[in-house]
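> Could you have a look at this structure, given as structure tokens, before my questions?
The values are calculated or read from the model by the stated rules, or taken from the named source; none is laboratory data. Everything quoted here is computed from the prediction, not taken from an experiment. Because the Cβ atoms are built from the backbone with ideal geometry, glycine has one as well, and the counts that use them run over all protein chains shown. Areas reflect the complete protein model, heavy atoms only, side chains present, ligands, DNA and RNA absent. Shrake-Rupley method; radii C 1.70, N 1.55, O 1.52, S 1.80 Å.
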Amino acid sequence: MNFHLLISYIKKRSSEISKALGIFSIVILSLTSLLYTQEGQEVRLQLEGNQLLTERELKKEISYLIEGLKERPIDEFDREDIRLELIRYYHYRGFPQVDIKVSSDASRQISIQIIEGNRTYLSQLDVRILGTHPKKSLPTVEDIEACFRWQREGFLKLGKRIFAEHALKSGVENLEALFRLSGFLKVQVTHKIQTDPLNEILIEVSIDPGAKFQLLKQPQLYGQAAEDEPELLKALDLNLPLEASPRLPLILKGRLLDYYKNKGYLYSEIKISSQIIDASSELQLSYDIHPGPQVKIGTINYIGNQKTQDWVIRDRLKLKVEDLYSDEKIRESYRGLLRSGLFSFVRIETEGSEDERETIDLNVHLEEKPAWRFTLLGGYGSYEQIRGGFTIENINIAGWGHRARGEGLFSLKGERLSLSYLNPYFFVEEISHRLEGLYERREHPSFTSTEYGGQTGWGYLINEELRTDFGYELLQSESGEESGAIPPEFIDDLLISSVSLSGLWERRKNLVDPTHGSSHRLNLEVGHDIMGSQIDYVKVTFRNTLVFSLFGDVRLLVNSRLGLIKRTDADGEVPLQLRFFTGGENTIRSFLQDEAGPKRSNVPIGGETLISTSFELRFPIWRDLQGAAFYDIGTINEQAEDFGKGHYSSGIGAGLRYSTPLGPFRFDAAWNPRPLEREDDWAFHFSLGYPF
């Protein structure tokens with residue numbers, strides 16, 4: 001009787017009992033977690049037997065597993081996870097026979113016993129293509145070799161290739177994808193592995209490409225596309241016959257969607273049908289197109305701009321109210337807002353309803369950058385020695401998107417102060433306008449120059465890589481020399497009034513430490529008394545920088561400079577402050593500052609022409625430390641008529657590079673292979689931070 005009453009009571013109170021048990025379980029688990037957190041949170045690792053792989057890299061590979069053990073006890077599943085992760089890493093590094101045992105004790109020490117076994121190396125990789133195919137129809141040898149990415153031993157990773165199963169598997173998959181992208185849709189790749197007497201691996205890879213499929217005819221267009229067919233075929237931009245890659249149907253669908261969405265058809269739907277014809281090695285495509293309604297912009301809402309005026313944002317949007325919707329203009333608006341430099345975050349969302357599909361609202365979400373910026377600069381240079389500076393800038397004056405910047409640069413050889421104002425949106429986004437006032441005094445090795453004045457100019461952004469600038473400068477330029485070694489005709493105080501036109505083609509993605517790309521800058525400057533200048537002259541400068549990625553992280557940098565200045569008002573000498581000089585840490589490094597070139601009484605006087613080229617090979621040494629080997633060569637001619645003639649100074653050397661919070665650290669040692677009288681055989685340069 002009592003038993004039945006107990007059962008009946010439990011059934012009636014089951015929900016309350018379940019809640020009580022749940023709370024009890026949570027309390028027990030919390031106390032257990034607290035116990036291990038307070039008393040046993042430290043986990044110690046002890047590794048034994050690892051010889052070729054360091055303890056540091058092994059601990060790094062399992063660090064995420066160890067981190068999860070700080071708040072709970074270590075069980076057999078944790079030990080197995082650690083073992084499997086280390087085995088996976090050893091296989092990845094070329095140790096297929098590794099054996100690992102993992103144990104732990106009550107003191108929360110994990111002991112790992114490792115028997116690495118022999119590392120396996122790849123001695124030969126033989127790739128064979130079966131069948132007969134025209135060479136031009138196949139992927140290149142370079143592309144085929146690039147499918148396999150083997151790790152290498154040794155300095156600069158130029159040693160023996162390390163064999164690993166994952167690298168072989170990945171290489172085979174890459175080969176299949178490469179051939180399919182080239183139109184061989186039914187390619188088959190097989191491989192055989194052999195081991196030679198030295199326990200090194202020989203791999204034979206056989207590729208049966210099969211037939212090369214092509215798109216021979218324009219896709220068939222159905223649905224509501226008949227009236228737009230000529231424009232649609234133009235949007236597809238097909239140059240038939242075309243290799244039939246697996247992605248081709250989707251790529252063409254994307255082009256059709258872009259066409260319709262850029263004409264306001266936001267809700268376009270397109271269905272693909274494809275058919276492979278084995279007999280003719282042909283891919284046939286058809287698209288069923290339903291554009292839907294044409295959509296216009298309803299309202300545009302700006303969200304998050306606290307200081308920036310709405311009209312500043314509106315000017316950079318390519319879409320206005322009542323415009324037809326366009327995906328391309330949405331992307332252009334996004335890029336334009338980011339290019340303004342005013343916002344750290346931009347998102348443009350569309351908002352509409354199923355009931356009203358003919359209009360859509362735009363919500364422009366923004367996060368503004370801080371308007372004020374203050375920066376301190378510091379460094380050291382072989383010539384300038386200790387140097388420092390500051391910049392203070394407002395990037396959003398009055399919420400208009402205009403910029404004001406003050407800058408001061410100082411060293412033991414001079415100082416420079418400047419104040420500039422920039423309107424980055426001068427009626428249109430592509431044109432900017434700037435004003436700048438400056439004062440600069442600099443002690444050169446042979447004279448001291450003092451300049452003060454102002455300049456204004458307009459810049460035109462042609463595209464993301466190409467821009468041109470037009471400017472006017474009015475400058476009081478004074479020079480002084482105390483040694484008496486320089487002839488007086490080279491020394492003059494002048495009011496210089498000049499106009500300039502320059503073009504820049506910038507193809508480097510990283511300007512501080514580029515890995516590839518190029519930069520080309522041409523500048524023409526003309527001074528004339530019709531503008532109030534006290535000297536008439538024409539000055540042309542060209543700078544060319546090329547960056548080649550050779551292999552791994554090894555790069556070759558080539559930097560060339562050309563310059564020519566010619567007086568057009570008289571036969572007198574060009575004053576020192578307008579002449580070209582070379583030699584120093586940023587030009588020919590086997591010389592001290594300005595020491596390469598013409599001299600009077602062993603004092604540099606510069607010249608009217610300049611030719612200079614530097615070749616620098618950069619390679620990794622350890623982590624962020626880089627090494628460099630370089631060759632510099634150049635010449636200065638006193639007279640423009642002697643351009644390219646005379647003695648060429650050169651330097652051969654090596655150096656170190658390292659990135660620091662203050663800027664790049666550089667140390668260079670350079671040897672002069674052909675020193676003239678009174679020229680040193682060696683020069684050493686040390687710098688920290690960017691040159692002023």
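> Which of the following values of Cα Rg over 2.2 N^0.38 Å was calculated from the structure shown: (i) 1.33; (ii) 1.13; (iii) 1.53?
(i)
> Separate question: Provide the descending list of Cα extents for the stretch 193-288 along its principal axes, expressed in whole angstroms.
That gives 70, 31, 21 Å along the principal axes, largest extent first.
> Among 324, 277, 291, whose Cα projects farthest towards the positive end of the dipole of the stretch 272-352, with charges put on the beta-carbon of Lys, Arg (+1) and Asp, Glu (-1)?
324
> Given the stretch 217-287, what count of lysine pairs have C-alpha atoms under 18 Å apart, with each pair 8 or more places apart or on different chains?
For the stretch 217-287, qualifying lysine pairs total 9.
> Oh, and also: Starting from the eigenvalues of the Cα gyration tensor, five times each then square-rooted, give me the equivalent ellipsoid semi-axes of the stretch 492-576, largest first, whole Å.
That gives 37, 12, 9 Å for the three semi-axes.
> Output needed for the stretch 575-654: three equivalent-ellipsoid semi-axes, defined as square roots of 5 times the C-alpha gyration tensor eigenvalues, in descending order, whole Å.
Result for the stretch 575-654: semi-axes of 29, 12, 10 Å.
> Got a number for the accessible area of residue 123? Probe 1.4 Å, square angstrom, nearest 10.
Result for residue 123: roughly 50 Å² accessible.
> Which residues does the label zone of residue 284 cover in the stretch 209-240, counting backbone N under 19 Å from a point 7 Å along Cα→Cβ?
212-223, 240
> At a Förster distance of 56 Å, what's the computed FRET efficiency of residue 466 paired with residue 642, Cβ-Cβ distance as r, to 0.05?
0.95
> Among 181, 303, 91, whose Cα projects farthest towards the positive end of the dipole of the chain, with charges put on the beta-carbon of Lys, Arg (+1) and Asp, Glu (-1)?
Looking along the dipole axis, the top candidate is 91.
> Separate question: Can you quote the Å³ per residue value for the convex hull of the Cα atoms in the stretch 254-319, rounded to an integer?
Considering the Cα atoms of the stretch 254-319, their hull volume per residue is 126 Å³.
> Suppose each label sits 7 Å from its Cα in the direction of the beta carbon; what would the residue 505-residue 365 distance come out to in nanometres?
4.1
> Express the C-alpha Rg of the stretch 309-431 as a ratio against the empirical globular expectation 2.2 N^0.38 Å, rounded to two decimals.
Rg over 2.2 N^0.38 Å, computed on Cα atoms: 1.50.
> Between residue 390 and residue 77, what is the label-to-label distance in nm when each label sits 7 Å out along the Cα-to-Cβ direction?
6.0
> Residue separation times 0.36 nm, minus the C-alpha to C-alpha distance between residue 323 and residue 250: what's the value?
23.4 nm
> Just to be sure I understand the model, the point goes 7 Å from the Cα along the line to the Cβ. What's the resulting residue 51 to residue 65 distance in nm?
According to this spin-label approximation, the distance is 2.3 nm.
> Among 383-391, 505-513, what's the highest-first ranking by average C-beta atoms within 10 angstrom per residue?
In decreasing order of mean packing, 383-391, 505-513 become 383-391, 505-513.
> Next question, about the same structure. Please list, short to long, the whole-number percent of alpha-carbon pairs of the stretch 76-156 in consecutive 5 angstrom bins beginning at zero.
Bins of 5 Å from zero give 3, 11, 16, 13, 12, 10, 9, 9, 6, 5, 3, 2, 1, 0 percent of pairs.
> If you consider only alpha-carbon coordinates, what radius of gyration and Dmax does the stretch 289-362 have, in Å?
13.3, 45
> Right, here's the next one. For a quick size check, give me the Cα extents of the stretch 301-342 along its three principal axes, largest first, whole Å.
29, 20, 14
> Still on this structure, I have one more. If you wrap a convex hull around the C-alpha atoms of the stretch 471-616 and split its volume per residue, what is the figure in Å³?
122
> Order 595-608, 555-568 from most to least packed using the mean count of other Cβ atoms within 10 Å.
Peptide ranking by packing, descending: 595-608, 555-568.
> Okay, next question. Would you mind counting up the charge near residue 595? Only other residues with Cβ under 14 Å from its Cβ, with Lys and Arg at +1 and Asp and Glu at -1.
Every neighbour counted, the sum reads -3.
> Among all helices in the chain defined by DSSP H, which have a length of 30 Å or more along the axis from Cα atoms plus a Kyte-Doolittle mean of at least 0.5?
Both cut-offs are met by 14-39.
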